[in-house]
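> This is the structure I want to talk about, given as structure tokens.
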Amino acid sequence: MGNKTIKNALISVFHKEGLEAIVKQLIKHGINVYSTGGTQTYLEQFDIDVFPVEDLTSYPSILGGRVKTLHPKVFGGILSRRENEYDTIQLEEYDIPEIDLVIVDLYPFEDTVASGAPEEDIIEKIDIGGISLIRAAAKNFKDVVIVPSKDYYEPLTDLLKKSAETTLDQRKEFATAAFAVSSHYDTVIHGYFARNGFVYREMQTKELRYGENPHQQGLFHGNISLLFDQICGKELSYNNLLDIDAAVNLIADFDETTFAILKHNNACGLASRPRLIDAWKAALAGDPVSAFGGILITNVRVDEETATEMNKLFYEVVIAPSYSKGALAILQKKKNRVILIQKPCEFPNRQFRSLLNGVLEQDKDMSTQTSSDMESVTYRKPTDTEYEDLAFANKLVKHTKSNTIVLAKDKQLLASGCGMTSRVDALKFAITKANSFQFDLNGAVMASDAFFPFPDCVEIAHNEGIDVVIQPGGSIKDGQSIEYCNNNGMAMVVTGVRHFKH
């Protein structure tokens, strides 16, 4: 059960580049090589002769290539237990050779989906024989070496340069890789059929301390370690996870150096600045009261200077792509503080929500608007600086609970009214909040998540010194809001894209 010598090998691969060196090594060691048709044709151009798999099965490839290796003589040779006397007798009875090495590279299902191919082509790239060969050989790792993809051609080549003999540890290592390949492949296929576009790799179920409130049970189905490295702090709670999700989706829409502070899924402070320390100070100034106990996130490395200022505030979680050594030393002084390093990753583009006796599913709101997406509908046009603030505010609107109004200036969130039943109430709340922190609203811009059904919001904004507005448009009374803006020297742009967030 320890060392095993390879005597017979089976090759059935999609990507054939790199096989020449492998097969030459196999033949050099006197190993019989069986191959499916396409691989055989590829090798013949290098004057390499292999046995067609049909010689083993006595069956041709049928159904347009859908069935090539699915045969007892193939799987019997792979799955036979070499130390099992009954297995050995049956191999001799049915003239089945032991297959000691299986090399597979699966049809490129994931790449085919990504290419935008039609469904018929995608379905044909679901590998049946290949995935079965991988699982069979990996299951019998005590006797068989499995190479599950082109990514493992090189390790096999290195092994064969030394010997045709393999150790149990080597075979187990290949088998571990094989099950990772097969698991990922099946998960991608499930993701396609579930139409969520997301691969649930290494899904886990974790019991949380409690749910939204202490009397509610909470579970998390996923694997947070694929997205973040947690440096220190207590276990993430149900509410922490909700806020972290809101934070990473928000910060993803900003390219400049940006700092955001979130509370209950909404940004209470956010600013973009050339220097991180200035972005932090401007974000905190947006609402230093709500910032207490919040979630902090930035899209750049946290330096020692910024960490020193951050450490003056109590907060539960901080998220960044990296931290300087000095910054970590400062931030880790609070033992319960959760410090997360966000890994490069892609988030799902589908969203799900349970309700009633079912589940809602939708596309994630991936749309953001730049100045080129904004149609000016008033006599006065925004300046270049105002266009930048409009784009900034409109990103914030997208990530703030509806009904919402966002007020911003110089790429700083001044205030927002969020989760209101009236857009007028949202605006009034935002104005009151901005005034409470002594912000000057003259020169600020206003963004709305949906259209204005009446001109009341633009009138209220104008009376506070806000003369630049962005909204989706589409109301039958858009003309009234536009007319008010024209009569009062205001600028308005429309995007045609609503950003409700319920």
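> Using only the Cα atoms of segment 105-186, what do you get for the radius of gyration and for Dmax, in Å?
Spelled out, the Cα radius of gyration and Dmax of segment 105-186 are 14.5, 45 Å.
> Once the mean 1/r over all distinct Cα pairs of segment 205-352 is inverted, what Kirkwood radius in angstroms do you read off?
15.5
> While we're on this one: When only Cα pairs under 8 Å and 6 or more residues apart are kept, what is the percent relative contact order across the chain?
Answer for the chain is 9 percent.
> Please tell me the relative contact order of segment 371-494 in percent, rounded to the nearest whole number, where contacts are Cα pairs under 8 Å and at least six residues apart.
It rounds to 29 percent for segment 371-494.
> Which percent, nearest 5, of DSSP beta bridges in the chain are antiparallel?
Here the share of antiparallel DSSP bridges comes out near 55 percent.
> Please work out, to two decimal places, the log10 of the ratio I(q)/I(0) at q = 0.16 Å⁻¹ from a Debye calculation in which every Cα of segment 4-194 carries one identical scatterer.
-1.02
> Another question, then. At 1.567 mPa s and 4 °C, plugging the Kirkwood radius over alpha-carbon pairs of the chain into Stokes-Einstein gives what diffusion coefficient in µm²/s?
In µm²/s, the coefficient rounds to 48.
> Using only Cα atoms, figure out Rg for segment 371-494 and give it as a multiple of 2.2 N^0.38 Å.
Compared with the compact-globule rule of thumb, segment 371-494 sits at 0.92.
> Can you give the FRET efficiency to the nearest 0.05 for Q217 and D49, using r as the Cβ-Cβ distance and R₀ = 60 Å?
0.40
> Between K381 and T368, what is 0.36 nm times their sequence separation minus the Cα-Cα distance? Round to one decimal in nm.
Here the answer is 2.6 nm.
> 5 Å is the cut-off here: which amide hydrogens, built 1.01 Å from N in the peptide plane, fall below it relative to G269, excluding neighbours closer than 5 in sequence?
Those lying under 5 Å, H to H, from G269 are I261.
> Further question on the same structure: Using the Karplus curve 6.51 cos²θ - 1.76 cosθ + 1.60 with θ = phi - 60°, what ³J(HN,Hα) values do you get for each residue of segment 437-445, in whole Hz, with x for Gly and Pro?
So the J values, rounded to whole Hz, are 9, 6, 7, 8, 7, 5, x, 7, 10.
> With the crude spin-label approximation of a point 7 Å out along Cα→Cβ, what separation in nm comes out for F500 versus K172?
In this crude spin-label approximation the distance works out to 5.6 nm.
> From the backbone phi of segment 454-461, what are the Karplus-calculated ³J(HN,Hα) couplings (6.51 cos²θ - 1.76 cosθ + 1.60, θ = phi - 60°) in whole Hz, Gly and Pro given as x?
9, x, 4, 5, 5, 5, 4, 4
> Right, here's the next one. Modelling each spin label as a point 7 Å along the Cα-to-Cβ direction, I'd like the T421/S183 distance in nm, to one decimal.
The modelled label-to-label distance comes out at 4.9 nm.
Quick note: the coordinates plus some simple rules give every number you see, no bench work behind them. In this text, all values refer to a predicted model and were calculated from it rather than measured experimentally. All Cβ positions, even for glycine, are placed from backbone atoms using ideal geometry, and neighbour counts span all protein chains on display.
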